[in-house]
Amino acid sequence: MSNKTRLGKSDLWVNPIGLGANAVGGHNLYPNLDEEAGKEVVRTAVANGLNFIDTAFIYGPKRSEELIGEVLKEIGKRDELVIATKGAHKFNEQGDVSIDNSPAFLRDSVESSLKRLQTDYIDLFYIHFPDDSTPKDEAVGELKKLKDEGKIRAIGVSNFSIDQLKEANKDGHVDVLQSHYNLFKRDAEQDLLPYTAEQNISFIPYFPLASGLLAGKYNSETRFNDLRAQDPLFAGEAFQHNLEKVEKLRPIARAKGVEIAHIVLAWYLTRDSIDAIIPGAKRSDQVLDNLKTLDVQLTPQEIEQINHIFV
Ligand code: NAP
């Protein structure tokens with residue numbers, strides 16, 4: 001087991017390589033997911049020292065939390081694991097979804113996630129998306145109460161702008177920010193990353209592999225039948241251009257005897273306030289593969305070279 005790293009100022013210590021579990025039961029995100037394969041991904045992760053698992057109410061919806069709950073019950077080891085989940089999506093009777101950050105809804109969300117995860121506490125609970133009306137410090141204030149009650153151990157927010165994050169963190173209670181960030185999408189470097197570094201908030205990037213594009217395994221013939229079919233990164237000329245950039249990483253990976261994905265994941269861990277990453281995995285071999293990242297040491301020159309390719 002690798003050395004664990006602390007998430008910001010929280011009491012949570014994690015393997016810097018976590019498991020993004022939106023493909024575990026995330027039937028509303030990926031077609032034809034096999035639930036048993038998803039549970040096996042979680043078992044493989046835990047058996048190999050990944051102790052940080054990232055899920056959300058909306059993955060499924062509910063199903064990702066439920067499957068993780070089943071595996072947690074089966075394997076025990078609860079105190080060795082750091083389970084992160086998220087809430088804010090609200091379905092009405094017609095099945096329409098909206099975002100709700102009201103204290104009452106967040107409290108209900110925590111209670112129902114606890115049941116699905118079959119656990120007494122959630123290590124890290126995030127407000128998944130900001131709503132338009134709830135003051136963010138009030139929303140986080142409710143999570144602080146839940147923390148004081150022992151129902152959650154740390155407070156996260158996700159998809160917040162810098163202003164929303166500052167408002168949420170007025171009383172200094174935010175432990176983790178989860179935001180879209182990868183080598184193709186670096187706007188967080190302008191404002192969010194400097195703020196999280198200054199405030200000792202852990203920044204967890206999501207889509208670290210740009211949904212697989214940064215793993216270096218696609219070529220111009222690759223076609224997609226899931227959400228990637230609508231993603232501009234995967235469309236037309238931009239896709240070709242992006243593939244060329246990714247190919248520029250191959251010599252660095254080859255010289256170290258690893259794959260491009262490992263170089264990319266290792267690069268994030270060199271950034272200030274990025275304490276851990278949560279690459280998604282659909283199969284157990286991807287979990288094992290992503291762990292090889294921990295063996296990669298990038299030199300300052302390589303870090304800069306990668307920076308330059310994706311500027
Ligand atoms: P990602 O990590 O950028 O990409 C994951 C995909 O890359 C996998 O599904 C797999 O796709 C491929 N892959 C993974 N490991 C690989 C390897 N070693 N070699 C080659 N390919 C590999 O994207 P993501 O899974 O969507 O995001 C990561 C996590 O972030 C999610 O699981 C979720 O927990 C979280 N997330 C949060 C939010 C939010 O709003 N807070 C939004 C999105 C995601 P294929 O096998 O199909 O190629």
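The values are calculated or read from the model by the stated rules, or taken from the named source; none is laboratory data. A quick note: this is a predicted structure, and the numbers were derived from the prediction, not measured. Note that each Cβ is placed from the backbone with ideal geometry, even for glycine, and that neighbours are counted across all protein chains shown. All accessible areas refer to the heavy atoms of the entire protein, side chains included, with ligands and DNA or RNA removed. Shrake-Rupley method; radii C 1.70, N 1.55, O 1.52, S 1.80 Å.
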Gain in length, ASP34 to ASP108, computed as 0.36 nm per residue apart minus the alpha-carbon separation, to one decimal in nm? 23.7 nm
For PHE105, what accessible surface area do you get with a 1.4 Å probe? Give it in Å², rounded to 10. 40 Å²
Provide the per-residue ³J(HN,Hα) series for the stretch 213-228, in order, calculated from phi with Karplus coefficients 6.51, -1.76, 1.60 and θ = phi - 60°, each as a whole number of Hz, with x at glycine and proline positions. 4, 7, 8, x, 10, 9, 9, 5, 8, 5, 10, 10, 10, 10, 4, 5
Would you work out the Kirkwood radius for the stretch 95-180? I mean one over the mean of 1/r across all pairs of different Cα atoms, in Å. 12.9 Å
Mind listing the long-range amide H neighbours of TYR206? Cut-off is under 5 Å, sequence gap 5 or more, other chains count too, H placed in the peptide plane at 1.01 Å from N. SER179, HIS180, TYR181
Rounded to the nearest 5, the percent of DSSP beta bridges in the chain running antiparallel is 20 percent
Partner aspartates and glutamates whose C-alpha sits under 18 Å from that of LYS77, ignoring same-chain residues fewer than 8 away, are ASP11, GLU40, ASP54, GLU65, GLU66, ASP120, ASP123
Tell me, what ³J(HN,Hα) does each residue in the stretch 151-161 have, in order and in whole Hz, if you take phi through Karplus 6.51 cos²θ - 1.76 cosθ + 1.60 with θ = phi - 60° and put x for Gly and Pro? 7, 10, 10, 8, 10, x, 10, 9, 6, 8, 6
Per residue of the chain, what 222 nm ellipticity follows from adding -39500 (n - 2.57) for every DSSP H run with n ≥ 4, rounded to the nearest 500? -11000 deg cm²/dmol
To the nearest 10 degrees, how steep is helix 35-47 against the longest Cα principal axis of the chain, on a 0 to 90 scale? 80 degrees
Using r as the Cβ-Cβ distance of ASN48 and THR299, and R0 as 22 Å, what FRET efficiency do you calculate, to the nearest 0.05? 0.20
All-pairs alpha carbon distance profile, the chain, 20 Å steps from 0, percent: 33, 60, 6
Expressed in angstrom and rounded, the centroid-to-centroid distance over alpha carbons for the stretch 1-33 and the stretch 215-257 is 23 Å
Compute the FRET efficiency between LYS170 and VAL311 as 1/(1 + (r/R0)^6), taking r as their Cβ-Cβ distance and R0 = 30 Å, and round to the nearest 0.05. 0.35
Angle between the chain longest axis and helix 63-75 axis [Cα atoms, degrees, rounded to 10]: 90 degrees
Over 22 Å between Cα atoms, which of LYS39/LYS282; LYS144/LYS282; LYS73/LYS136 qualify? LYS144/LYS282; LYS73/LYS136
Apportionment of accessible area to carbon and sulfur, the chain, percent (1.4 Å): 47 percent
Once the piece of chain linking THR270 and LYS245 is laid out straight, how much longer is it, given 0.36 nm per residue of separation minus the C-alpha distance between them? 7.0 nm
If you take the beta carbon distance between ALA255 and GLN230 as r and set R0 to 30 Å, what does 1/(1 + (r/R0)^6) give as a FRET efficiency, to the nearest 0.05? 0.25
For the stretch 298-311, just list the computed ³J(HN,Hα) in residue order, Karplus coefficients 6.51, -1.76 and 1.60, θ = phi - 60°, integers in Hz, with x standing in for Gly and Pro. 8, 7, x, 5, 5, 4, 5, 4, 5, 3, 5, 4, 9, 5
When ligands, DNA and RNA are left out and all protein chains stay put, how many square angstrom of accessible area per residue does the chain have with a 1.4 Å probe? 44 Å²
Filtered GluC sites (Glu not before Pro), the stretch 72-172: DSSP coil and at most 11 other beta carbons within 10 Å: GLU93, GLU149
